[in-house]
Number of protein chains: 2
Amino acid sequence: MIRMASGWFYLSCLLLGSLGSMCILFTIYWMQYWRGGFAWNGSIYMFNWHPVLMVAGMVVFYGGASLVYRLPQSWVGPKLPWKLLHAALHLMAFILTVVGLVAVFTFHNHGKIANLYSLHSWLGITAVFLFACQWCLGFAVFLLPWASMWLRSLLKPIHVFFGAAILSLSIASVISGINEKLFFSLKNTTRPYNSLPSEAVFANSTGMLVAAFGLLVLYILLASSWKRPEPGILTDRQPLLHDGE
Amino acid sequence: MIRMASGWFYLSCLLLGSLGSMCILFTIYWMQYWRGGFAWNGSIYMFNWHPVLMVAGMVVFYGGASLVYRLPQSWVGPKLPWKLLHAALHLMAFILTVVGLVAVFTFHNHGKIANLYSLHSWLGITAVFLFACQWCLGFAVFLLPWASMWLRSLLKPIHVFFGAAILSLSIASVISGINEKLFFSLKNTTRPYNSLPSEAVFANSTGMLVAAFGLLVLYILLASSWKRPEPGILTDRQPLLHDGE
């Protein structure tokens, strides 16, 4: 049973890796081919880093980093190396996210455009703020050695839930962001958004891929047979391999 | 333990009811006060039904209907009445959703506006399509008597996952829809969206409430201590009340 479950798990990981790469590559291609490429000078080409870095940071790296404890290798032996990997990957995701925010704020400030007025930005900044809180709390409680097992087992389901919740908010932010960007870019053109030019079809598809990737992460995260078996609340570190799911 | 858990459960339900009512009432108020109210004649006032009915159907009623089996009353005795309630509430949610779609399609067709071009619409129609599939499959497998317990226990986690996934997609659709509507409505006005007029603050807040409601539903749905205790896969109908948790 465990062999079959992990076969499906690796197949899902393969799908996840392909979907995640496609999300990032499609966003890069959209910005490069239709929106004039990238620069770091306060212009609209600096803005173009924003979608790429947010999709990479808040969705793809974040999603991958969330799934560390679903690797069957992490189920046996000491948990600390896996915790460090989980924290380090999330830190990378957070750094990409912050650079993505710098890109849009710098572009806005250069062009005297208001910051943080749209629902997209309200929801997005909430997701980033929650991500920062989640990372710091996770570091303090699960990595630093002071917290008791009681506190850790109390906070763990909350940590897992907020992890999934932040990803859901990120997906909603990315979807609304792509939608908004297309309305901005494709107005006053010979082929506006509502005539579905190839850019619109491509970027809409990218948004659908982001949604599919996010749902696949949530599926792998929540599917109970892929969770690290709990050897009881107070013996969390005891190395044990449960057989048969 | 069960008493404390159900105390928190009812407190969450109270919060859920308040948040859900606020989502619907805020959307009605937005459409009534700033967008000229409602009509059923193909005009922009017919469109105004769309946000109200989608928030009510795909988010609030859908969310409430999802949680039927989390009521501790549903844990004992025959499951059939609760299944009927679950299916009936979801059917109501679906009907509201379909009327909400009729409102926007009729408005578009009257005004010669293209249908289904934005990412908002692609994601939204996907969510509605999955909802229809989910309802029909749920009806066929879990309500009609032909399916074996083996098939039901195989499909149940998939049914629960897709239930949560459809809600996540609905939230992303609603957020992108509110965002898009504000860009449409607040352009060429003396106080555009980026100057955050009171309508923008109010509608952005409505969007944030919808996100909060959705996350609370997912929390109640996924919190393990609020799930109907499983008396084993093959004795699904056996009335049993587990103590502790």
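Observations, loosely collected:
- For residues of A:160-173, the mean tally of beta carbons on other chains within 10 Å: 5
- In Hz, Karplus ³J(HN,Hα) per residue of region A:123-130 (6.51, -1.76, 1.60; θ = phi - 60°; x = Gly, Pro): 5, x, 5, 5, 4, 5, 4, 5
- Among the listed pairs A:Lys112/B:Lys181; A:Lys187/B:Lys112; A:Lys227/B:Lys79; B:Lys112/B:Lys181; A:Lys156/B:Lys83, a Cα-Cα separation exceeding 22 Å is found for A:Lys112/B:Lys181; A:Lys227/B:Lys79; A:Lys156/B:Lys83.
- Distance between modelled label sites at B:Asn188 and A:Trp146, nm, 7 Å Cα→Cβ extension: 6.0 nm
- Relative contact order (percent, whole number), region A:1-123, Cα cutoff 8 Å, 6+ residue spacing: 28 percent
- Measure of compaction for the protein assembly as shown (Cα Rg per 2.2 N^0.38 Å): 1.00
- Taking label positions 7 Å along the Cα-Cβ direction at both B:Ala88 and B:Phe139, the computed distance is 1.5 nm, reported to one decimal.
- Fraction of the pair-distance distribution of region B:17-223 above 20 Å, Cα-Cα pairs, percent: 59 percent
- Averaged over A:181-192, number of beta-carbon atoms from partner chains that fall within 10 Å: 2
- Sites listed here are chymotrypsin sites (Phe, Trp or Tyr not before Pro) in region B:138-208 whose DSSP assignment is loop and whose Cβ has at most 12 other Cβ atoms within 10 Å: B:Trp146.
- For region B:12-116, chymotrypsin sites (Phe, Trp or Tyr not before Pro) are listed when DSSP marks them as loop and at most 13 other Cβ atoms sit within 10 Å of their Cβ; the list is B:Trp40.
- Percent carbon-and-sulfur accessible area, region B:1-79, ignoring ligands, DNA and RNA, probe 1.4 Å: 73 percent
- Both chains summed, the buried accessible area for B and A stands near 3100 Å², from protein heavy atoms and a 1.4 Å probe.
- For region B:66-166: Kirkwood Rh in Å [reciprocal of mean 1/r, alpha carbons]: 15.6 Å
- Degrees, to the nearest 10: A:80-110 long Cα axis against longest axis of chain A: 20 degrees
- Accessible surface, per residue, of region B:1-106 when the full set of protein chains is kept, probe 1.4 Å, Å²: 47 Å²
- Per-residue ³J(HN,Hα) for region B:60-77, Karplus 6.51 cos²θ - 1.76 cosθ + 1.60, θ = phi - 60°, Hz, x for Gly and Pro: 6, 5, 4, x, x, 4, 5, 9, 3, 6, 8, 5, x, 4, 7, 7, 10, x
- Taking every residue in B:213-223 and counting other chain Cβ atoms within 10 Å of its Cβ, the average works out to 3.
- Each Cα pair under 8 Å and six or more residues apart adds its sequence gap; the mean of these over the residue count of chain A is a relative contact order of 32 percent.
- Drop in accessible area of at least 40 Å² in the complex versus isolated chain, residues of region A:94-131, 1.4 Å probe: A:Tyr117, A:Leu119, A:Trp122, A:Leu123
The values are calculated or read from the model by the stated rules, or taken from the named source; none is laboratory data. No experiment lies behind these values; they were computed from the predicted model shown. All Cβ positions, glycine included, derive from the backbone under ideal geometry; neighbour counts span all protein chains shown. Remember, those area values only see protein heavy atoms, side chains included, never the ligands or the DNA or RNA. Shrake-Rupley method; radii C 1.70, N 1.55, O 1.52, S 1.80 Å.
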